[in-house]
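The values are calculated or read from the model by the stated rules, or taken from the named source; none is laboratory data. None of the values given here were measured: they were computed from a predicted structure. Methodologically, a virtual Cβ is constructed for each residue, glycine included, from the backbone with ideal geometry; neighbour enumeration extends over all protein chains shown. Only protein heavy atoms, including side chains, enter the accessible area calculation; ligands, DNA and RNA are left aside. Shrake-Rupley method; radii C 1.70, N 1.55, O 1.52, S 1.80 Å.
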Amino acid sequence: MKYTKNDILQMLRSQYEFSIAFDPVVIRNMSIEYDSFIFDWLDACDLVSFKELASIFHKEFNINRPIFELEHILHEKSNKTVGDFCEYIAFHGKRESIESVKLLGKYCRSAAIFKELKRKLTEKGANTSNLKPSSQINPFFLKYGGLLFNEVNLMAPGTLSKFEYTSHKLSRIGRSITILGFLLLIAVGLIWNFHWILLLPIILGITSIFDDKKQPEKLDVNGFKTFRELIYSMEHRLKEV
């Protein structure tokens, strides 16, 4: 079973939207198109080195080709485009098929999708012992958001592509204090000698970020409330496969 070139492009776009919502260093307002240069895509998304990225994609898509081919495509000086990458993955990558399972005398693909997703999440280290189709997405997403997104994106590209996230006020204040603390440390360090008290704002800021146990002010994962809604959307996209 194969991915299409458009599937891969949709994966990259969804990954970009996910990164924008949860990674403050990602460059906003970039349009990822087939003719976008690899360098621009990697730079905007603040991704790992091309060799690490090649290793990740080589494994995720079960590519049975020498890894240096991917490294060449992803190298910042290769002048390759996103379209070149999409074509390569679509041609050489392998996509797992999901067959319907028999449930109460009828074949049900949504049940098969949920079962497969749960299996993959468990294999990657997520605690899915209490996960059911009726389970709320947000609590699970807050703990395993990156993992859930990645598995869904591989299984049914484009299912998760819209995210809204606003952290709790205490976390936002903590980040501001931390940034100001670093700026103060640099500014004062240029004029006077270092003193440990200059680290106090940074310590307070970091503490407020990591000690914040409250729920974010807003979290919306593609408008889905439960895993059942997510699975139905995945099934709809997979009907086109």
Residue in the stretch 92-102 that is open to solvent by 60 Å² or more (accessible area, probe 1.4 Å) and closer than 16 Å to Asn153 by Cβ present: yes
Out of Leu42, Leu47, Leu53, sole residue that is of a type in the set (A, V, I, L, M) and open to solvent by less than 20 Å² (accessible area, probe 1.4 Å): Leu53
Out of Ser49, Ser100, sole residue that is hydroxyl-bearing (Ser, Thr, Tyr), touching a helix residue (DSSP H, G or I) at 6+ places or on another chain (Cβ under 6 Å) and modelled with pLDDT under 95: Ser100
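Residue-by-condition table, conditions (1) touching a residue at least 12 places away in the same chain (Cβ under 8 Å); (2) out of contact with any Lys or Arg (no Cβ under 8 Å at 6 or more places or on another chain):
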residue: Lys2; (1), (2): yes, no
residue: Ile8; (1), (2): yes, yes
residue: Leu12; (1), (2): yes, yes
residue: Glu17; (1), (2): yes, no
residue: Asp23; (1), (2): yes, yes
residue: Arg28; (1), (2): no, yes
residue: Ile38; (1), (2): yes, no
residue: Trp41; (1), (2): yes, yes
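Residues to consider are Glu87, Glu99; find the one that is over 30 Å from Thr166 (Cβ atoms), out of contact with any Cys (no Cβ under 8 Å at 6 or more places or on another chain), of a type outside the set (A, V, I, L, M, F, W, C) and part of a helix (DSSP H, G or I).
When all the criteria are applied, what remains is Glu87.
Could you identify the single residue in Lys59, Lys80 that is in contact with a strand residue (DSSP E or B) (Cβ under 8 Å, 6 or more places away or on another chain) and either assigned by the TED database to the domain that holds Leu9 or surrounded by 17 or more Cβ atoms within 10 Å (Cβ to Cβ) (or both)?
Lys80
Quick grid of which residues meet (1) open to solvent by less than 90 Å² (accessible area, probe 1.4 Å); (2) modelled with pLDDT under 55:
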{"position": "Pro139", "(1), (2)": "yes, no"}
{"position": "Gly146", "(1), (2)": "yes, no"}
{"position": "Pro157", "(1), (2)": "yes, no"}
{"position": "Ser161", "(1), (2)": "yes, no"}
{"position": "Gly174", "(1), (2)": "yes, yes"}
{"position": "Val188", "(1), (2)": "yes, yes"}
{"position": "Asn193", "(1), (2)": "no, no"}
{"position": "Asp211", "(1), (2)": "no, yes"}
